[in-house]
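Notes follow once the structure below has been shown.
Every number in this text was worked out from the coordinates using simple rules, so none of it is lab data. Here the structure is a predicted model, which is why all the values come from computation and not from measurement. A quick note on method: Cβ atoms are made from the backbone with ideal geometry, for glycine too, and the neighbour counts reach across all protein chains shown.
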Amino acid sequence: MISSTAVTASLLPESPRLTAQLSKTNLTHDLVLASGALAVHLLPDDERGLELFRTLGMRTGHEAPKLDDVSAVAGQTGSPILQDAVAYAEARVSAAHEVEGSTIIVADVVAGARDRDSPVLTIESVRKRLPPEWAEEWARRLEEELAAARRQR
Ligand SMILES: Cc1cc2nc3c(=O)[nH]c(=O)nc-3n(C[C@H](O)[C@H](O)[C@H](O)COP(=O)(O)O)c2cc1C
């Protein structure tokens, strides 16, 4: 999935940690909690990065497989490491806090790398460059997510 909530959660460079909010309706939520691990990536600010944004953030793996056309290798934790990413961090879940509609996870980073020196995709760049039909698709997915989250209340 695409995430805007995956952020650093440690002051110490020798024990890096991250947190993320995972909506219960997302397949990623179930995969991360079942495996106890995840990998987060920075995407490239190019056409491929935009395509990955669409594939990962505008569709749910509950409806159809999403990673078939995404080249990935298994990392140390078994999490998929996307070959087209600029950088990644792989982490094992150390705590999970369940709240209404979501689980907030804390995870210890076990591996990571910056694989290329390209600019990173930002939400500002996405908004500027997203073709109108993809923007509509994104709006529809957001509506679905909001409806699903409200049903869970
Ligand atoms: C910019 C952006 C940020 C997002 N941030 C989050 C997030 O922090 N947590 C979350 O659960 N979903 C987030 N989403 C939604 C998921 O990426 C989206 O629901 C995705 O389709 C879930 O796919 P899955 O069901 O295959 O896991 C975000 C989507 C976008 C486009």
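Here are a few things to note about the model shown:
- Residue among ALA91, ALA85 that is away from the ligand (no atom under 14 Å from the Cβ), within 13 Å of the chain's Cα centre (by Cα) and touching a residue at least 60 places away in the same chain (Cβ under 8 Å): ALA91
- Filter pass, VAL99 being surrounded by 14 or more Cβ atoms within 10 Å (Cβ to Cβ) and closer than 25 Å to LEU11 by Cβ: no
- Restricting segment 41-51 to residues that are touching a residue at least 60 places away in the same chain (Cβ under 8 Å) and within 13 Å of the ligand (Cβ to nearest atom) leaves a set whose member that is farthest from ALA87 (Cα to Cα) is LEU50.
- Residue list for segment 63-96, restricted to those being over 14 Å from VAL109 (Cα atoms) and in contact with a Ser or Thr (Cβ under 8 Å, 6 or more places away or on another chain): LYS66, ASP69, VAL70, LEU82, GLN83, ASP84, VAL86, ALA96
- Hey, THR60 among the hydroxyl-bearing types (Ser, Thr, Tyr) and out of contact with any Asp or Glu (no Cβ under 9 Å at 6 or more places or on another chain) or not: no
- Apart from one condition, ILE123 fits all of (1) within 13 Å of the ligand (Cβ to nearest atom); (2) touching a residue at least 60 places away in the same chain (Cβ under 8 Å); (3) surrounded by 11 or more Cβ atoms within 10 Å (Cβ to Cβ); the exception is (3).
- Matching residues in segment 106-153 - criterion: being in a helix (DSSP H, G or I) and of a type in the set (Ser, Thr, Tyr): SER125
- Qualifying residues in segment 25-45 (those that are assigned to a loop (DSSP other than H, G, I, E, B) and closer than 22 Å to ARG141 by Cβ) - the one farthest from the chain's Cα centre (by Cα): ASP45
- Scope segment 141-153; condition without any contact (Cβ under 8 Å) to a residue 40 or more places away in the chain and basic (Lys, Arg); matching residues: ARG150, ARG151
- Whichever residue in segment 54-75 is in contact (Cβ under 8 Å) with a residue 12 or more places away in the chain and farther than 16 Å from LEU31 by Cα and, among such residues, is nearest to the ligand (Cβ to nearest atom): MET58
- Residue that is farthest from the chain's Cα centre (by Cα) [pool: residues in segment 59-78 that are polar (S, T, N, Q) and closer than 18 Å to ALA37 by Cβ]: GLN76
- Positions within segment 11-37 being touching a residue at least 12 places away in the same chain (Cβ under 8 Å) and away from the ligand (no atom under 11 Å from the Cβ), in sequence order: SER15, PRO16, ARG17, LEU18, LEU33, SER35, GLY36, ALA37
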